[in-house]
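Engineer: First the structure, then my questions, so here it is.
What follows is calculated from the coordinates using simple rules that are stated; it is not laboratory data. Since we're looking at a predicted model, the values are computed, not measured. Neighbour counts run over all protein chains shown; Cβ positions are idealised from the backbone, glycine included.
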C-alpha cells in the first residue's frame with residue numbers, strides 16, 4: 001500500500017471516527033438503534049457546502065453542520081417519543097426525509113468545493129504541508145470530541161443518560177426523565193455525525209446527496225470491531241476503541257483493495273465491507289476451538 005493510500009485511509013478513518021462516537025452514544029449507551037446517520041451525515045455536508053459557496057467562513061459552516069445534525073436527531077426523537085413510532089422505524093423515516101431535504105438545501109445533487117477555502121486551508125497557513133493538513137486537523141478535532149464525550153458521560157447528566165440506556169424502568173423509578181435523555185443523546189450523536197459529514201466533504205472537495213449511503217455500516221463496524229479488539233470497562237477506553245476501530249476498519253479496507261494477491265478492485269469495497277462487518281459481529285464473545293484442534297492433532 002502506498003503512502004498516499006495509507007494517509008487517505010487514516011484521514012477517512014478519523015473523519016468517520018466522529019460518526020463512531022455518535023453511534024457509540026446511541027447503540028451502546030442509550031441502546032437506541034439510530035439509522036438517522038444515513039441522512040445526517042450528508043446533511044452536515046450539504047449545509048456546510050451551501051454556506052461556504054455562499055461566502056460563509058468554513059468554521060461557521062462546520063458549526064452550522066453540527067446544529068443541522070442535532071436537529072435531525074431531534075426529529076427522530078420526536079417521531080419516537082411523541083408519535084410512538086418504533087425507534088428504528090423513526091430513524092429510517094428521518095433518513096428518508098433528509099434525502100429530499102438535502103437536495104433542497106444544495107438545490108442540486110452535489111456541490112463542488114475545489115475553489116472554496118476550507119478549514120484545512122487554515123491549517124496550511126500554520127506551516128503544515130497540504131498533504132498532511134487534513135490528517136492533522138482531523139486528529140485534533142477527533143481528540144477534542146472524544147475528550148468532550150468522556151467528560152459529558154462522567155457528569156451527573158451523563159450518568160443519567162447511561163442509566164436511561166442501561167435500565168429505563170429503574171431510571172424512571174429514580175426520577176430520571178428517560179425521554180429527555182433520548183432527546184439529548186440523539187442530538188449529540190447526530191451533531192457529531194453532521195460535523196463528520198462537513199469535514200469529510202471539505203476533505204473530498206464536494207458534497208453529494210448520496211454520500212450517506214452505508215455510513216451506518218461503517219459506524220457499526222467501527223464500534224463493534226473496536227470494542228471487540230480493545231475491550232474496556234471505562235468510558236475513555238470504550239470511546240478510544242471506537243475511534244481506533246474506525247481507523248483500523250479503513251486501513252483494513254485499503255489493505256484489502258491494494259493487495260494484488262486478493263485480486264480486489266475499488267468496485268469490491270462493498271464486499272470487503274460486508275465481510276469485515278460479519279467478522280466484527282461474529283467474533284466478540286466467541287472462542288475459536290484452536291486449543292482443542294491442537295490437542296487432537298497430538
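Engineer: At q = 0.15 Å⁻¹, what log₁₀ I(q)/I(0) does segment 10-123 have when each alpha carbon counts as one equal point scatterer in the Debye sum?
Structural biologist: Reported log10 I(q)/I(0), two decimals: -0.70.
Engineer: Right, another one. Among 107, 208, 121, which comes first, then next, by fewest other beta-carbon atoms within 10 Å?
Structural biologist: Listed from fewest to most nearby Cβ atoms, that is 107, 121, 208.
Engineer: In whole Å, how far is the Cα centre of segment 208-252 from that of segment 44-80?
Structural biologist: When both Cα centres are located, 23 Å separates them.
Engineer: I need the P(r) histogram for the chain: all alpha carbon pairs, bin width 10 Å from 0 out to the longest distance, whole percents.
Structural biologist: 7, 27, 34, 22, 8, 2, 0, 0
Engineer: Fewest first, what order do 32, 16 take by the number of other Cβ atoms within 10 Å?
Structural biologist: Going from sparsest to densest Cβ surroundings: 32, 16.
Engineer: Now for a different question. Can you tell me the relative contact order of segment 3-285? Whole percent, Cα pairs under 8 Å, sequence separation 6 or more.
Structural biologist: Over segment 3-285, the number comes to 35 percent.
Engineer: What ranking do 246, 2, 196 get, fewest neighbouring Cβ atoms within 10 angstrom at the top?
Structural biologist: If I rank by nearby Cβ atoms, fewest first, I get 2, 246, 196.
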